[in-house]
Amino acid sequence: MFTPKRVLVTGGAGFLGSHLCERLLDEGAEVLCLDNYYCSTRDNVHHLLGRNRFELIRHDVCFPVYLEVDEIYNLACPASPVHYQRDPVQTMKTSVSGAINMLGLAKRVRARILQTSTSEVYGDPGIHPQPETYWGNVNPHGLRACYDEGKRAAESLFMDYHRQHGIKVKIARLFNTYGPRMRPDDGRVVSNFIIQALLGKPITIYGDGSQTRSFCFVSDIIQALPLLMASPDDLTGPVNLGNPAEFTILELAETILRLSASKSPLIRMPLPQDDPARRRPDITLAQNRLGWSPRTPLEQGLKETIAYFDAVLRRGSTAEE
Ligand code: UDP
């Protein structure tokens, strides 16, 4: 008899987590979606509740959990600077205690485990574009440290569990990802600009807008994660996942204004502390080892995301009437 693979997704009701749960279910897996709803919502997985291989569990990864699973995707952690700086101590605990608890579970049940790390481990990078071999330039006591250092510590724990206990680990370093199911109040640049453009409000450019980011559409990342999980055992170190097409924040604002036919003005706001000046992934490793490259150009992904937020805003205004 066919026994489906049992997969645990922590942070499964979040932006990325909900897309991943959906994808894994479509591939035939049994999915345990675990979330404490700190900055996610059950609405993201509401459409999955009727599927018989899907199970939703309210749980905080800062506490141990006992489950029988074959694979673990550890996504649980707020990722927007606004959210992760709201309770920085909890952010660090989520990354560090969460990693220890999930690695402990992986060790007990001999599961493969994948950590979603971040391009933030490179800090304000001194090397451009960033290869996995670059150790980064992170302020260890600044406002972003709770996230950056938390994720760096989690990477260290993953590698030590692998070396010390033989756990099969995977580390994905995700670069700025965007798409449907981001929260309208997420606080990150793509969702902020789209909501502002659709509401005709000023577009908030932090600093002079010359800082760069490389934006990857969610479906490309969701395609890559199971490929990384299934990759050969020798691929244990970090792997960059992102779209190497690099844009200034001003270029992003102009593109969103054009695609949404908005007349919102641009306004300047102070640049947040330690805001990286530029960021672009070197994805040679992912291309060579996973056969993966992102496929969605920025404009196409933005159009889908604009349509999503437009529908969210329309639903909201209908609900208020
Ligand atoms: N940013 C901006 N306006 C906003 C939100 C963000 O200009 O309303 C800038 C921010 O200063 C940073 C970039 O956009 O340079 C990306 O910010 P985000 O919070 O999306 O993610 P980060 O890559 O900094 O973690």
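The values are calculated or read from the model by the stated rules, or taken from the named source; none is laboratory data. Everything numeric in this text was worked out from a predicted model, so none of it was measured. Quick reminder, even Gly has a Cβ in these numbers, built from the backbone with ideal geometry, and neighbours come from all protein chains shown.
Filter the stretch 162-195 down to residues that are part of a strand (DSSP E or B) and among the basic types (Lys, Arg) and give me whichever is farthest from the chain's Cα centre (by Cα). Explain how you work it out, then say what you get.
Kept after step one, since they are part of a strand (DSSP E or B), are these residues of the stretch 162-195: 169-174, 177-178.
Next, only the ones that are among the basic types (Lys, Arg) stay: 170, 173.
On the way: LYS170: 15, ARG173: 9 Å.
Ranking the qualifying residues of the stretch 162-195, first place goes to LYS170.
Only helices (runs of 4 or more DSSP H) wholly contained in the stretch 206-321 count here; list those with 3 or more residues that are within 16 Å of the ligand (Cβ to nearest atom). Explain how you work it out, then say what you get.
Numbers: elements: 218-229, 249-259, 284-290, 298-320.
Per the criteria, 249-259, 298-320.
Assuming GLY126 fulfils every condition listed in (1) in contact with a strand residue (DSSP E or B) (Cβ under 8 Å, 6 or more places away or on another chain); (2) farther than 26 Å from PHE15 by Cβ; (3) surrounded by 15 or more Cβ atoms within 10 Å (Cβ to Cβ) apart from one, which condition is it?
Result: GLY126 fails condition (3) only.
Looking at the stretch 274-295, I want the residues that are closer than 14 Å to ASN176 by Cβ and have a partner that is within 16 Å of the ligand (Cβ to nearest atom) and among the β-branched types (Val, Ile, Thr) with Cβ atoms under 6 Å, at least 6 apart or on another chain. Which pairs are those?
ARG278/THR212
What are the pairs, 6+ residues apart or on separate chains, where a residue within the stretch 23-46 that is on the phi > 0 side of the Ramachandran plot has its Cβ under 7 Å from a residue that is surrounded by 22 or more Cβ atoms within 10 Å (Cβ to Cβ)?
TYR37/ALA13
Consider the stretch 158-175. How many of its residues are of a type outside the set (Gly, Ala, Ser) and surrounded by fewer than 19 Cβ atoms within 10 Å (Cβ to Cβ)? Spell out the reasoning first.
Of the residues in the stretch 158-175, the ones of a type outside the set (Gly, Ala, Ser) are 158-165, 167-171, 173-175.
After this cut, where a residue has to be surrounded by fewer than 19 Cβ atoms within 10 Å (Cβ to Cβ) as well, the list is 159-160, 163-165, 168.
Qualifying residue count for the region: 6.
Going through the stretch 114-142 one residue at a time, which ones are hydrophobic (A, V, I, L, M, F, W, C) and either within 13 Å of the ligand (Cβ to nearest atom) or in a loop (DSSP other than H, G, I, E, B) (or both)? Spell out how you get there, then give the answer.
Within the stretch 114-142, the subset hydrophobic (A, V, I, L, M, F, W, C) is 114, 121, 127, 135, 138.
Listed by number, the residues that qualify are VAL121, ILE127, TRP135, VAL138.
Is the stretch 108-123 home to any residue that is more than 28 Å from VAL7 (Cβ to Cβ) and either at pLDDT 95 or above or in contact with a Lys or Arg (Cβ under 6 Å, 6 or more places away or on another chain) (or both)?
Applying the first criterion (more than 28 Å from VAL7 (Cβ to Cβ)) to the stretch 108-123 yields 122-123.
Of the ones still in play, those that are also either at pLDDT 95 or above or in contact with a Lys or Arg (Cβ under 6 Å, 6 or more places away or on another chain) (or both) are 122-123.
Looking through the stretch 108-123, at least one residue is more than 28 Å from VAL7 (Cβ to Cβ) and either at pLDDT 95 or above or in contact with a Lys or Arg (Cβ under 6 Å, 6 or more places away or on another chain) (or both).
Could you list, in sequence order, all residues of the stretch 278-312 that are in contact with a Leu (Cβ under 9 Å, 6 or more places away or on another chain) and surrounded by fewer than 17 Cβ atoms within 10 Å (Cβ to Cβ)?
As a first pass, look at the stretch 278-312 and keep what is in contact with a Leu (Cβ under 9 Å, 6 or more places away or on another chain): 281, 283, 285-286, 289-292, 294, 298-299, 302-303, 306, 309-310.
ARG289, GLY291, GLU299, LYS303, ASP310 - these are the residues of the stretch 278-312 that are in contact with a Leu (Cβ under 9 Å, 6 or more places away or on another chain) and surrounded by fewer than 17 Cβ atoms within 10 Å (Cβ to Cβ).
How many residues are more than 16 Å from the ligand (Cβ to nearest atom) and out of contact with any Leu (no Cβ under 6 Å at 6 or more places or on another chain) if we restrict to the stretch 76-99? Reasoning before the result, please.
Kept after step one, since they are more than 16 Å from the ligand (Cβ to nearest atom), are these residues of the stretch 76-99: 76, 87, 89-90, 92-94, 96-99.
Those still in the list that are out of contact with any Leu (no Cβ under 6 Å at 6 or more places or on another chain) too: 76, 87, 89-90, 92-94, 96-98.
Selection size over the stretch 76-99: 10.
List pairs: first in the stretch 190-201 and closer than 21 Å to VAL218 by Cβ and in contact (Cβ under 8 Å) with a residue 60 or more places away in the chain, second within 11 Å of the ligand (Cβ to nearest atom) and not hydrophobic (A, V, I, L, M, F, W, C), Cβ under 6 Å, 6+ apart or cross-chain?
As it stands, the answer is VAL190/TYR178, since those pairs meet every condition given.
Looking only at the stretch 56-73, filter to residues that are without any contact (Cβ under 8 Å) to a residue 40 or more places away in the chain and charged (D, E, K, R); which one of those is surrounded by the most Cβ atoms within 10 Å (Cβ to Cβ)?
Of everything passing the filter in the stretch 56-73, ASP60 is surrounded by the most Cβ atoms within 10 Å (Cβ to Cβ).
So, in the stretch 167-200, of the ones that are away from the ligand (no atom under 12 Å from the Cβ) and touching a Gly at 6+ places or on another chain (Cβ under 7 Å), which residue ends up farthest from ALA230 (Cα to Cα)? Explain how you work it out, then say what you get.
Our first condition is that a residue be away from the ligand (no atom under 12 Å from the Cβ); within the stretch 167-200, this holds for 167-173, 179-181, 183-184, 198-200.
Checking which are touching a Gly at 6+ places or on another chain (Cβ under 7 Å) leaves us with 171, 179.
On the way: ILE171: 12, GLY179: 25 Å.
Going through the qualifying residues, I end up with GLY179.
If a residue has to be surrounded by fewer than 16 Cβ atoms within 10 Å (Cβ to Cβ), farther than 18 Å from SER95 by Cα and at pLDDT 95 or above to count, how many in the stretch 13-41 make the cut? Full working, then the answer.
To start, the set of residues in the stretch 13-41 that are surrounded by fewer than 16 Cβ atoms within 10 Å (Cβ to Cβ) comprises 26-28, 37, 41.
Still in the list and also farther than 18 Å from SER95 by Cα: 26-28, 41.
Narrowing further to those that are at pLDDT 95 or above: 26-28.
Going through the stretch 13-41 one residue at a time, the tally reaches 3.
Can you tell me which residue among ALA111, ALA76, ALA106 is closer than 14 Å to LEU8 by Cβ and in contact with a Gly (Cβ under 7 Å, 6 or more places away or on another chain)? Spell out how you get there, then give the answer.
Numbers: ALA111 fails: in contact with a Gly (Cβ under 7 Å, 6 or more places away or on another chain); ALA106 fails: in contact with a Gly (Cβ under 7 Å, 6 or more places away or on another chain).
Residue meeting the stated conditions: ALA76.
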